[in-house]
Amino acid sequence: QVQLVESGGGLVQAGGSLRLSCAASGRTFSNYAMTWFRQAPGKEREFVSGISRTGSNTYYADSVKGRFTMSRDNAKNTVYLQMNSLKPEDTAVYYCAARDGMVIVGMKNLYNYWGQGTQVTVSS
């Protein structure tokens, strides 16, 4: 089992920045591809970004490309999502997810482990 705990959400004005963290515990963190998904009220949960087990490859949704940066520190069992130039449409609950193996972009059903989510609200 892998336990995931997100933090760093909050309220920010449009154009501002936030940094989300996801701390993992349990099995060997470096065995897991990690992703961020988000879910806005009334909408499906959508893929935001993913990072490979070593951190050498990252993947982003078109809507966040150039504004968000995902990274990981395997020594600290933590992944990060640096979010810059935030827009009101980025408002959502952000979830960290993990799967054993490769990043599968967009396929939330293939991720075995999920955090509880952290709220991000961007005001206009």
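The values are calculated or read from the model by the stated rules, or taken from the named source; none is laboratory data. Only a predicted model underlies this, so the values are computations on that prediction, with no experimental measurement involved. Glycine gets a Cβ as well: all are built from the backbone with ideal geometry, and neighbour counts include every protein chain shown.
Starting from residues that are more than 19 Å from ASP100 (Cβ to Cβ) and either of a type in the set (S, T, N, Q) or under 11 Å from the mean Cα position of the chain (by Cα) (or both), keep the ones in region 33-42 and report whichever is surrounded by the fewest Cβ atoms within 10 Å (Cβ to Cβ). Walk me through it before giving the result.
First, the residues of region 33-42 that are more than 19 Å from ASP100 (Cβ to Cβ): 38-42.
Okay, now just the ones that are also either of a type in the set (S, T, N, Q) or under 11 Å from the mean Cα position of the chain (by Cα) (or both), so 38-39.
Details: ARG38: 23, GLN39: 15.
Residue satisfying both the conditions and the ranking: GLN39.
With at pLDDT 95 or above and under 11 Å from the mean Cα position of the chain (by Cα) as the only criterion, which of LEU18, LEU81 stands out?
Every option except LEU81 fails the conditions.
Mind telling me which of the residues ALA23, ALA33, ALA40, ALA98 ends up being under 18 Å from VAL5 (Cα atoms), in contact with a strand residue (DSSP E or B) (Cβ under 8 Å, 6 or more places away or on another chain), free of Cβ contacts under 8 Å to residues at least 60 places away in the same chain and not basic (Lys, Arg)? I'd like the intermediate steps shown before the answer.
Numbers: ALA33 fails: free of Cβ contacts under 8 Å to residues at least 60 places away in the same chain; ALA40 fails: under 18 Å from VAL5 (Cα atoms); ALA98 fails: free of Cβ contacts under 8 Å to residues at least 60 places away in the same chain.
Checking each option against the conditions leaves just ALA23.
Which of (1) part of a strand (DSSP E or B); (2) surrounded by 14 or more Cβ atoms within 10 Å (Cβ to Cβ) does GLY16 not meet, given it meets every other one?
(1)
Identify the residue in region 84-124 that is of a type in the set (Val, Ile, Thr) and within 14 Å of the chain's Cα centre (by Cα) and, among all such residues, is nearest to ARG53 (Cα to Cα).
Taking region 84-124 as the starting set, the residues that turn out to be of a type in the set (Val, Ile, Thr) are 91, 93, 103-105, 118, 120-122.
Imposing the further condition that a residue be within 14 Å of the chain's Cα centre (by Cα) reduces the set to 91, 93, 103-105, 118, 120.
On the way: THR91: 28, VAL93: 24, VAL103: 8, ILE104: 12, VAL105: 14, THR118: 23, VAL120: 26 Å.
By that ranking, first place goes to VAL103.
Working only within region 48-69, note down all residues that are farther than 15 Å from THR118 by Cα and of a type in the set (A, V, I, L, M, F, W, C).
Once the filter is applied, which keeps residues that are farther than 15 Å from THR118 by Cα and of a type in the set (A, V, I, L, M, F, W, C), region 48-69 yields ILE51, ALA61, VAL64, PHE68.
Read through the list (1) loosely packed, with under 15 Cβ neighbours inside 10 Å; (2) closer than 19 Å to THR118 by Cβ; (3) among the charged types (D, E, K, R), then give the number of the only condition that ARG45 fails.
Against the list (1) loosely packed, with under 15 Cβ neighbours inside 10 Å; (2) closer than 19 Å to THR118 by Cβ; (3) among the charged types (D, E, K, R), ARG45 comes up short only on (1).
Of everything in region 68-117 that's of a type in the set (Asp, Glu) and in a helix (DSSP H, G or I), which residue is surrounded by the most Cβ atoms within 10 Å (Cβ to Cβ)? Please lay out each step first, then the result.
Quick first cut of region 68-117, residues of a type in the set (Asp, Glu) only: 73, 89-90, 100.
Filter once more, keeping what is in a helix (DSSP H, G or I): 89-90.
Numbers: GLU89: 11, ASP90: 22.
Ranking the candidates gives ASP90 first.
Given SER25, SER21, SER56, SER30, which one is part of a strand (DSSP E or B) and surrounded by fewer than 16 Cβ atoms within 10 Å (Cβ to Cβ)?
On the way: SER21 fails: surrounded by fewer than 16 Cβ atoms within 10 Å (Cβ to Cβ); SER56 fails: part of a strand (DSSP E or B); SER30 fails: part of a strand (DSSP E or B).
It is SER25.
Within region 33-45, track down each residue that is in a strand (DSSP E or B) and either touching a helix residue (DSSP H, G or I) at 6+ places or on another chain (Cβ under 9 Å) or among the aromatic types (Phe, Trp, Tyr) (or both). I'd like the intermediate steps shown before the answer.
First pass over region 33-45, keeping only residues in a strand (DSSP E or B): 33-39.
Result: THR35, TRP36, PHE37, ARG38.
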